[in-house]
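Just below is one structure, and these are the notes that go with it.
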Amino acid sequence: MVDIIVTIINSIVFVFPALVANAAPVFLGRGSRYNRPIDGGRFWKDDKRILGDGKTIRGFLGGTLSGIVTCVAIVILFSNVNYPIVIISRFNKGILYPFLQFMADNFILQAILIGFLLGCGALLGDLAGSFIKRRSGLKRGESFLFMDQLGFLLTALLLIYPVAPWPIEWGILLLPLTLGLHMVLNFLGYLIGIQEVPL
Ligand code: CTP
Ligand code: MG
């Protein structure tokens, strides 16, 4: 029982930078400067927007940056309380490790790289999701069950794998955990008026 709780906590800590990166644009996307849509307002061959107004440059860059900041904060915090830093403990197991050995002793550098891959991975999945939504005729903000909640997680997990591979049980646990967490947060966002749809 204790084992499973530890595994759940470790898996959530591992992807936490991706969760923050995915949620941050809701708060960062507003305001006028750099708030241009990534697709520049352009349309795809089907005469629908490529991505839509919900995907801004500020949201993308701010989200990625918040993933990096979160990851660095986790590493600093956890090394101070002496809890094993799961993010870092996966680092020397990656297939790309031979190329990354130069940062083997620098936890902060590792955290920056891992935070970047998790954050950017999450935001790329989010963009891919919007692209698919526009092609399916869904307007900005309309929900697409499972893709909205899990798309960003899958791309973040994919991008981080070569640098910090995760055990399969983490992946399996994270699917229902993220789905549940996303729905609860989204509903709270709807109640306070920052999300347009309840799910
Ligand atoms: N956001 C942003 N830039 C991004 C991603 C999100 O500015 N790259 C901001 C937008 O204000 C967006 C909000 O975060 O409306 C919520 O994000 P999301 O739910 O992913 O976008 P939707 O508006 O629902 O658009 P879509 O239908 O394309 O998913
Ligand atoms: Mg949405």
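Quick notes
- Residues that are β-branched (V, I, T) and either within 16 Å of ligand 2 (Cβ to nearest atom) or at pLDDT below 95 (or both), drawn from region 169-182: T178
- Scanning region 183-195 for residues that are open to solvent by less than 90 Å² (accessible area, probe 1.4 Å) and either within 10 Å of ligand 1 (Cβ to nearest atom) or modelled with pLDDT of 90 or more (or both) yields N186, G189, I194, Q195.
- Complete set of residues in region 129-148 that are more than 10 Å from ligand 1 (Cβ to nearest atom) and under 13 Å from the mean Cα position of the chain (by Cα): none
- Verdict on L100 being assigned to a helix (DSSP H, G or I), within 16 Å of ligand 1 (Cβ to nearest atom) and surrounded by fewer than 21 Cβ atoms within 10 Å (Cβ to Cβ): no
- Whichever residue in region 1-57 is among the small types (G, A, S), touching a strand residue (DSSP E or B) at 6+ places or on another chain (Cβ under 8 Å) and on the phi > 0 side of the Ramachandran plot and, among such residues, is least open to solvent (accessible area, probe 1.4 Å): G52
- Residue within region 58-78 that is on the phi > 0 side of the Ramachandran plot and open to solvent by 20 Å² or more (accessible area, probe 1.4 Å) present: no
- Residue tally, condition of a type in the set (V, I, T) and over 21 Å from P25 (Cα atoms), over region 149-169: 2
- Residue within region 170-178 that is within 26 Å of R30 (Cα to Cα) and under 19 Å from the mean Cα position of the chain (by Cα) present: yes
- In region 135-148, the residues that are open to solvent by 80 Å² or more (accessible area, probe 1.4 Å) reach residues that are more than 8 Å from ligand 2 (Cβ to nearest atom) and part of a loop (DSSP other than H, G, I, E, B) with C-beta atoms within less than 8 angstrom, at least six apart or across chains, in these pairs: K139/G52; R140/G52; R140/D53; L145/L199.
- Of the residues making up region 151-176, just one is surrounded by fewer than 19 Cβ atoms within 10 Å (Cβ to Cβ) and hydroxyl-bearing (S, T, Y), namely Y161.
- Within region 45-97, the residues that satisfy the criterion of being outside any helix (DSSP H, G or I), under 22 Å from the mean Cα position of the chain (by Cα) and under 30 Å from S143 (Cα atoms) are I50, L51, G52, D53, G54, K55, T56.
- Residue list for region 1-54, filter: within 16 Å of ligand 2 (Cβ to nearest atom), in contact with a Ser or Thr (Cβ under 6 Å, 6 or more places away or on another chain) and at pLDDT below 90: G29
- Meets criteria (closer than 16 Å to P165 by Cα, crowded, with 20+ Cβ neighbours inside 10 Å and within 16 Å of ligand 1 (Cβ to nearest atom)) for L118: yes
- Filter result for F91 (open to solvent by 20 Å² or more (accessible area, probe 1.4 Å) and of a type in the set (F, W, Y)): no
The values are calculated or read from the model by the stated rules, or taken from the named source; none is laboratory data. Quick caveat: nothing in here was measured; it's all calculated off a predicted structure. Every residue, glycine as well, gets a Cβ built from its backbone with ideal geometry; the counts of neighbours run over all protein chains shown. SASA here: full protein model, heavy atoms, side chains in, ligands and nucleic acids out. Shrake-Rupley method; radii C 1.70, N 1.55, O 1.52, S 1.80 Å.
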